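Here's the structure, in structure tokens; my notes come after.
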Amino acid sequence: MGRTDECAPLLSGKGRWTMFFKKDKEAVTPEQVMHGLATVQEPELHRDLVTLNMVKDLTVKDGAVAFTIVLTTPACPLRNVMEKDARAAVNALPGVKSVDIKWDAKVVPNSRMMGQLPMPARNVIAIASGKGGVGKSTVAVNVVVALAQAGAAVGLLDADIYGPNTPMMMGIKYKPVQFNGKMMPARAHGVEMFSMGFVVRDEQPIIWRGPMLDKAIRQFLNDVAWGDLDYLIVDMPPGTGDAQLTVSQAFTLAGAVIVTLPQEVSQADARRGLEGFRQMEVPILGVVENMSGEVFGRGGGRKLAELTGVPFIGEIPLDPQVRVGGDGGLPVVVSHPDSAAAKALVAVAQDIAARVSVQNFLNQNNVIPITEIG
Ligand SMILES: Nc1ncnc2c1ncn2[C@@H]1O[C@H](COP(=O)(O)OP(=O)(O)OP(=O)(O)O)[C@@H](O)[C@H]1O
Ligand SMILES: [Mg+2]
């Protein structure tokens, strides 16, 4: 098809021949476009799009330029900046009449997983805090739905086996079905999910001893038929005990996100949680401050980030709609996408995805394959 189209001017008579050559002389070439795009920086990786191998499917025909930019995450926060810069760079080339940019994404796997057992996801991210009731589950649920809305393949694992809340927050009642010896995950709001809430009754008290807990969490990993996931978000139980240890060891985390409240009193527990992950050599992606505003104040999250030398990801305002959404099974990023809380949660999701991309990219480029040494 393409060849016939390209040949069309040649076949249409003498007049068109001259036109063809004249145009051809002035027309922009694929090489020129690539040179143009080599001046456009990926704003987070600080390299150009061509070096990063992000430009695909380039076609140039009579000044009409089309190409695809392959992002390292579909939830890329600075996509607009890249689009503007790429468009400007190509439009500045002589002979360009139009620029058509398409988007694709290929999530880079966490390189810490190399040599480990196969994981259900390219990146497993824990949402944690040493403290209870700070909004871990709320952040986990909204972040995972926001990533799904951006087009990522995502899963949510409720590792809070003491008090699983995510089925309610995601609006799911589900009794696991088996297929090929594995339990099928539930699906809601574009997210695959599994929770201990699916296998125990609501009113049943759950008392776990260390080895049982270890076994249960590992089963979530091995015995659930997860799809091919870009990100698996793990909602952690409160505290710094066995669950944190097991998840850190079994899942080879791409990183942990620490949720804290704005007030001083929440900081010590959150910090304990953060240091716990550090001890297990889990990268800390950053701190999220939840319930910011007049009631609880603001600033504690940023302070914790500064004290511990980790990034501050963002703050989420206290908003009754967040709680209503949680109780009603409709996360606020779905029920009120234009609210300040939803926008903050989407920005947090994008920031987490971007940080994981940058981390994986840097690790990948520092890795020297063993065969090349000596
Ligand atoms: N930004 C917010 N605005 C208003 N309500 C919120 C906000 N974040 C969380 N909540 C509400 O606060 C309560 C506690 O949140 P959540 O269950 O997410 O905390 P958690 O840290 O996971 O708790 P646990 O330690 O028990 O697992 C829930 O009722 C939730 O809806
Ligand atoms: Mg919770």
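Just so it is clear, none of the values below were taken in a lab; they were calculated from the coordinates. Being a predicted model, the structure only gives us computed values, none of them experimental. Here Cβ is always computed from backbone atoms with ideal geometry, including for glycine, and neighbour counts include all displayed protein chains.
Here are a few things to note about the model shown:
- Full extension of the segment from Phe296 to Leu362, taken as 0.36 nm per residue of separation minus the current Cα-Cα distance, would add 20.0 nm.
- Protection proxy ranking, peptides 89-102, 63-76, average beta carbon neighbours within 10 Å, highest first: 63-76, 89-102
- Projected label points at Lys84 and Phe312, each 7 Å from Cα along the beta carbon direction, are separated by 2.4 nanometres.
- Entry note, the chain: the mean residue ellipticity at 222 nm calculated from DSSP H runs of n ≥ 4, each adding -39500 (n - 2.57), is -11500 deg cm²/dmol after division by the residues and rounding to the nearest 500.
- Pairs of Cα atoms farther than 16 Å apart, segment 288-353, %: 49
- Pairs of C-alpha atoms in the chain farther apart than 35 Å represent 34 percent of all such pairs.
- Estimated inter-spin distance, Met280 and Lys303, nm [label 7 Å along Cα→Cβ]: 2.8
- Think of segment 219-374 as having a plus end and a minus end, set by charges on the Cβ of Lys, Arg, Asp and Glu; of Val265, Asn363, Ser248, Val265 sits farthest toward the positive end of this dipole.
- Extension gain for Met184 to Val199 (0.36 nm times residue separation, less C-alpha to C-alpha distance): 4.2 nm.
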